[in-house]
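For reference, the structure is listed below as structure tokens.
Derivation of every value follows stated rules applied to the coordinates shown; laboratory data play no part. In this text the structure is predicted, and so the values were computed from the model without any measurement. Neighbour counts run over all protein chains shown; Cβ positions are idealised from the backbone, glycine included.
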Amino acid sequence: MNTAKSQALFAQAQKLIPGGVNSPVRACKSVGCDPRFIAKAAGSAIYDVDGNKYVDFVCSWGPMILGHNHPAVVEAIKKALENGTSFGAPSPLEVELAELVTEALPSVDMVRFVSSGTEATMSALRLARGYTGKKVVVKFDGCYHGHADSFLVKAGSGLITLGIPGSPGVPDDIVKNTISIPYNNVEVLEKTLRDESLDIACVIMEPVAANMGVVLPKPEFMQKVRALTKELGIVLIFDEVITGFRLSYGGAQAKFGIMPDLTCLGKIIGGGLPVGAYGGKKEIMKQISPEGPVYQAGTLSGNPLAMAAGAATLKELKKPGFYETLDAKAEKFAQELTALAKKYNVQATLNREGSVMTPFFAKGPVTDFESAMTADTDKYGLYYREMLNRGVYLAPSQFEGAFISAAHTEADLTKTLEAAESVFSIL
Ligand code: KE4
């Protein structure tokens, strides 16, 4: 595979942009190669600057659930574009997307749009603190909630990929108000939340963790989180930046029937444009400025292009049978991939919920951060490079999800399984 143009661009980018990338995992350090520079994308495929074509399982880290450049989304963006790219004033598209989001998510009465998932979680935390008058946030090891200071404690995603526990530049004074405890551990959860010496404002969780690789919540764990937070007057925040509109039209909360007090969204609700949102119970959301005293603002918040792309995406997702078809396709693919690993005696554990999955090179079961860490990352690196050379674009990290979109065809998945078979035979 010729990658000369990507290599030249990477060399130039490294002189101009730290690490040559605008988000660390993209540098592909943990999988032992250099990044491919992408020129364009369509449907399930992305094309690099050297003209190589790949079946894309990154899907821009989740947003592209319809595939790239879906005609309805492109049309909506074009239409919005003709009317201007940003007003800094309210526009009808914000109301339309707010209606779609609040209708879809059972626990969300009101929603505020921002420009990234990081902004959504950061603002939800401020709101939970403002609402309760308390300070401490409880999170779970390996869950990632964007890069705001308070959440960079045993966070997943890029931090685990690069093998770093937290980040310089985050003052101790700030993270002393963050407690990180193991995912899926009911005893530690109960002990922590019942500790009256702690001044707990909120619990934030990924209802399906997808930033230490995909890790499913045990039903009793989810139930306990909800029951205890309710009993103790602690705000429960679901970070549905990945799971929102991915696991079902109503997100993880509708799929599992567990309602948080606040929900954070991003990715899919922007149809591939920069967006985030947080929403929830009216009583809490009314604390946000200008209705209430908790301040939060944004120059590009509710951006018309992002709102248009998001609304067009949600309307497609709302069509009957969308999730049934997508999930059935993902299930079949996951079963076939698992069978191939078994056939070639590759030690692997595949975790999946709906159309997001992670094949861990680990004995398993993978139920939390500690068990995720048993994965053989060197093996994942080899798998990644070999799949890439066979035209399959996976996340350049063992600890991320692989996303299947509506645009992935039978032929794409067959090609991917054939590539996996040939790679498993040499692992
Ligand atoms: P952004 O600020 O990146 O839009 O969203 C932050 C965020 C918040 N919550 C969850 C559950 C998330 O998964 C994310 C961002 N996800 C990563 C993928 N692991 C973004 C890609 C990256 O950082 O390289």
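One table, with the values for the structure above:
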read-out	value
Top of Glu231, Glu119, Glu220 by mean-square fluctuation, Gaussian network on the chain, Cα under 10 Å	Glu231
Over the chain, relative contact order from alpha-carbon pairs under 8 Å, at least 6 apart, %	23 percent
Ellipsoid equivalent to the stretch 71-317 - semi-axes via the Cα gyration tensor, in Å	30, 18, 18
All lysines inside 26 Å of Lys224 as judged from Cα atoms, apart from same-chain residues fewer than 8 positions distant	Lys134, Lys135, Lys139, Lys154, Lys176, Lys191, Lys255, Lys281, Lys282
Relative packing of 204-210, 344-350, which averages over residues the other C-beta atoms within 10 Å, highest first	204-210, 344-350
Contact order relative to length of the stretch 71-317, as percent, for alpha carbon pairs under 8 angstrom and 6 or more apart	31 percent
Rounded to 5, percent antiparallel among DSSP beta bridges of the chain	60 percent
Choice from Ala11, Ala402, Ala98 showing the highest fluctuation, given a GNM over the chain with Cα pairs closer than 10 Å	Ala11
Lysines whose Cα lies under 23 Å from that of Lys78, excluding same-chain neighbours fewer than 8 positions away	Lys40, Lys267, Lys315, Lys318, Lys319
If the convex hull is drawn through the Cα atoms of the stretch 115-225, its volume per residue in Å³	108 Å³
DSSP bridge orientation in the stretch 71-317 - percent antiparallel, rounded to nearest 5	40 percent
Most positive-pole-ward Cα, Thr325, Phe151, Tyr393, against dipole of the chain from beta carbon charges	Tyr393
Spatially proximal lysines relative to Lys342 (Cα-Cα < 18 Å; intrachain offsets below 8 disregarded)	Lys332, Lys363, Lys379
Mean residue ellipticity (222 nm) of the chain, computed from DSSP H runs ≥ 4 via -39,500 (n - 2.57), nearest 500	-11500 deg cm²/dmol
P(r) weight above 16 Å for the stretch 213-292, C-alpha pairs, percent	57 percent
Cα-Cα pairs of the stretch 244-376 separated by more than 26 Å (percent)	43 percent
Under 14 Å, Cβ to Cβ, from Glu370 - net charge with Lys/Arg +1 and Asp/Glu -1	0
Unit charges on C-beta of K, R, D, E only; dipole of the stretch 71-317, Debye	160 debye
Calculated on alpha-carbon atoms, Rg and Dmax of the stretch 290-341 in Å	19.4, 56
Solvent-free Debye scattering, log10 I(q)/I(0), computed from the Cα coordinates of the chain at q = 0.09 Å⁻¹	-0.54
Environment charge of Met212, counting only residues whose C-beta is closer than 11 Å and scoring Lys/Arg +1, Asp/Glu -1	-4
Amide H partners (placed H, <5 Å) of Ile179, local residues excluded	Val137, Val138, Lys139
Among Gly391, Gly84, Gly364: highest mean-square fluctuation, GNM of the chain, C-alpha pairs under 10 Å	Gly84
